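See structure below.
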Amino acid sequence: MQEFLLIMRHEDGGKLASPEQMQAWMQQTMDWINSIAAQNKFVSGTGLPFDEARVVKSDKMVTNGPFGDIKETIGGFIHVWADSVEEAVEFAKACPVLQGDGNTVEVRKIAGPEHAK
Amino acid sequence: MEQQELIPHLFRTEFRKITVVLCKLFGIEHLETAEDLASDTFLSAMETWTYKGVPPNPTAWLYHVAKNKARNHLQRDKQLRDKIIPQLNNRQDGAARDGEAPDFINLFEENNSDSQLQMLFAVCHPSISRESQIALALRILCGFGIDEIANAFLTNRETINKRLHRAKTTLRREKISISVPAEKEIDSRLDTVLATLYLLFNEGYYSESHDQVLREDLCQEAMRLTRLLLGNQQTDLPSVKALYSLTCFQSSRFAARKGSSGELILYEDQDESLWNRDLISAGLYYLHHAATGPTLTKYHLEAAIACWYTQKTDTPEKWENILQLFDTLLQVEYSPVAALNRIYALSKLRGPQVAIEALSRIRSNRNQYYYSLLGELYRHINPELATGHFQQALSLARSAADRQILQRRIRSIAEGV
């Protein structure tokens with residue numbers, strides 16, 4: 001069993017969405033997380049609010065989001081268990097965030113003991 | 001993690017509560033701030049509940065966050081703060097200490113149907129165009145999104161945004177107060193409110209939009225807002241009861257007019273066992289109680305007509321009454337649709353020939369309704385002519401549902417049914 005982060009990238013769509021749409025989106029994402037939790041493979045997760053986001057650059061300059069040249073940025077991530085990267089990718093494929101054009105889910109393995117030198 | 005289902009429409013319902021209460025507190029010129037704070041509240045809910053689960057009391061959670069966001073906003077906006085703090089101190093529920101933004105204890109928990117009712121009068125102010133009133137009512141009082149409003153009106157979001165913008169500018173410029181008008185003003189102001197609610201209901205009931213759920217939502221929202229008027233002593237008037245009765249009768253047929261593949265089923269082909277008896281009883285109750293006072297409104301007459309339509313069997317008595325009611329309705333307020341419907345009632349009572357003659361005498365746009373009525377009237381006396389009229393109607397029909405119905409008619413004539 002390995003640990004993965006599924007990182008969701010999307011635009012800040014909150015201001016444009018209707019209350020009904022927000023609720024529907026939230027319900028879908030909860031269902032998605034619950035389907036992973038039902039296999040006892042969900043560890044944790046969080047949303048990352050877009051407001052009051054800052055980017056600190058190498059010259060210590062601090063800017064507000066949006067974050068440079070990319071339109072999509074991290075909206076949240078979940079931490080899961082999976083037997084393989086393939087299984088983690090299957091989890092990612094079911095993520096409702098992918099309904100949005102151009103949105104992505106990045107699958108990243110969390111460094112485990114085998115990486116320890 | 002536990003599976004938790006959210007209450008349907010929770011965000012929509014709470015959006016209107018939070019927006020209206022904050023707008024009432026801040027003043028109408030800050031309507032957009034109120035909207036933004038409400039939207040931000042749901043964004044926070046989305047970012048939290050999605051991963052941590054829905055809190056045990058979701059509404060209380062939303063109010064708590066909305067209050068914090070409002071408090072933070074006041075801290076940043078001095079002008080607004082100077083205006084709001086004395087107001088809150090008067091309420092005695094959140095006396096501010098020096099230099100601190102006040103607490104909003106019980107801001108949303110208090111009975112807010114008063115605020116909703118007051119906002120209804122502000123939104124339906126005569127200085128705002130009717131189409132903007134409806135858009136604004138759907139946004140502020142019903143919590144609909146721009147896309148949903150655009151979908152219901154079969155238009156795009158730019159058009160709806162423009163309507164909303166114009167309406168908000170007018171609210172600000174005219175400094176329209178969020179209040180129920182004074183006694184002497186109430187009749188004329190109520191007329192505008194009822195006209196908007198009537199249109200809102202019809203928009204849902206007759207809309208060409210394909211989104212059936214959305215359309216029923218519009219009707220239910222119109223009825224909910226009408227109930228707000230019924231719930232207030234000052235506005236619980238016969239005309240309001242009449243309108244509510246009408247909407248009860250109409251919506252009683254929602255299930256029956258929907259076919260298995262979503263197509264529209266016409267009145268005469270409906271299975272009346274699917275009519276909602278509770279709504280029909282409510283319609284009767286309110287129609288009965290509307291029959292007081294000196295004024296006969298078009299809502300009274302339309303409700304009475306709708307009431308006769310809840311009796312499916314054709315009897316001379318039914319059509320005699322409907323015809324008389326249409327005669328009076330046309331005197332109270334002429335409308336081409338009512339004139340055509342009167343001709344149909346006439347044909348039921350005195351036969352198609354008399355109706356065809358009567359139709360030739362009225363001024364009516366040669367639209368699809370005119371031609372489909374002609375087709376209907378000629379159906380049994382001259383099928384060939386009837387088909388021609390139905391085809392004419394078909395070429396003018398805009399919605400897929402209407403076209404389907406007309407095509408079915410043409411087919412059934414061809415098959416000699």
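With the requirement that a residue be charged (D, E, K, R) and modelled with pLDDT of 95 or more, what does segment A:84-117 give you? Listed by number, the residues that qualify are A:E86, A:E87, A:E90, A:K93, A:E106, A:R108, A:K109.
Condition check ((1) over 24 Å from B:Q270 (Cα atoms); (2) hydrophobic (A, V, I, L, M, F, W, C); (3) free of Cβ contacts under 8 Å to residues at least 12 places away in the same chain) across all residues:
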position: B:T310; (1), (2), (3): no, no, no
position: B:T315; (1), (2), (3): no, no, yes
position: B:L323; (1), (2), (3): no, yes, no
position: B:E333; (1), (2), (3): yes, no, no
position: B:A345; (1), (2), (3): no, yes, no
position: B:L349; (1), (2), (3): no, yes, no
position: B:S360; (1), (2), (3): yes, no, yes
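Note on segment A:39-53: residues that are within 8 Å of another protein chain (Cβ to nearest Cβ) and under 17 Å from A:L5 (Cβ atoms) total 6. Just one of the numbered conditions (1) within 30 Å of the chain's Cα centre (by Cα); (2) crowded, with 17+ Cβ neighbours inside 10 Å is not true of B:L74: (1). Determine if segment B:191-199 includes at least one residue that is touching a residue at least 12 places away in the same chain (Cβ under 8 Å), surrounded by 15 or more Cβ atoms within 10 Å (Cβ to Cβ) and under 15 Å from B:F254 (Cα atoms). No - not one qualifying residue is present in segment B:191-199. Within segment B:236-243, is even one residue surrounded by 14 or more Cβ atoms within 10 Å (Cβ to Cβ) and either touching a Pro at 6+ places or on another chain (Cβ under 6 Å) or over 26 Å from B:S113 (Cα atoms) (or both)? Looking for residues that are surrounded by 14 or more Cβ atoms within 10 Å (Cβ to Cβ) and either touching a Pro at 6+ places or on another chain (Cβ under 6 Å) or over 26 Å from B:S113 (Cα atoms) (or both), one finds none in segment B:236-243, hence no.
One residue alone among B:I7, B:I28, B:I85 is more than 30 Å from the chain's Cα centre (by Cα) and either at pLDDT below 90 or more than 13 Å from every other protein chain (Cβ to nearest Cβ) (or both), and that residue is B:I85.
Just checking, which of B:R253, B:R227 is surrounded by fewer than 22 Cβ atoms within 10 Å (Cβ to Cβ) and free of Cβ contacts under 8 Å to residues at least 60 places away in the same chain?
Exactly one residue qualifies, and that residue is B:R227.
Restricting segment A:7-24 to residues that are touching a residue at least 12 places away in the same chain (Cβ under 8 Å) and either surrounded by fewer than 14 Cβ atoms within 10 Å (Cβ to Cβ) or more than 7 Å from every other protein chain (Cβ to nearest Cβ) (or both), the residue that is farthest from the chain's Cα centre (by Cα) is A:G13.
Of all the numbered requirements in (1) more than 14 Å from chain B (Cβ to nearest Cβ); (2) within 29 Å of B:A38 (Cα to Cα); (3) part of a helix (DSSP H, G or I), A:T63 misses one, and that requirement is (3). A single member of A:Q2, A:Q28 is within 13 Å of chain B (Cβ to nearest Cβ), of a type in the set (S, T, N, Q) and in contact (Cβ under 8 Å) with a residue 60 or more places away in the chain, and it is A:Q28.
Filtered by the rule that a residue be part of a helix (DSSP H, G or I), away from chain A (no Cβ under 14 Å) and within 24 Å of B:L214 (Cα to Cα), segment B:140-177 gives B:T159, B:K162, B:R163, B:H165, B:A167. Within segment B:291-301, being touching a residue at least 40 places away in the same chain (Cβ under 8 Å) and in contact with a Phe, Trp or Tyr (Cβ under 9 Å, 6 or more places away or on another chain) holds for one residue alone: B:Y299.
A residue that is within 14 Å of chain A (Cβ to nearest Cβ), at pLDDT below 90 and within 23 Å of the chain's Cα centre (by Cα) occurs nowhere in segment B:98-112.
Among what's in segment B:34-71 and is away from chain A (no Cβ under 12 Å) and of a type in the set (S, T, Y), pick the residue that is surrounded by the most Cβ atoms within 10 Å (Cβ to Cβ). So, considering only residues that are away from chain A (no Cβ under 12 Å) and of a type in the set (S, T, Y), the one surrounded by the most Cβ atoms within 10 Å (Cβ to Cβ) is B:Y63.
The values are calculated or read from the model by the stated rules, or taken from the named source; none is laboratory data. Treat the numbers as computed from the prediction; the structure is a model and nothing was measured. Cβ atoms come from the backbone with ideal geometry, glycine included; neighbour counts cover every protein chain shown.
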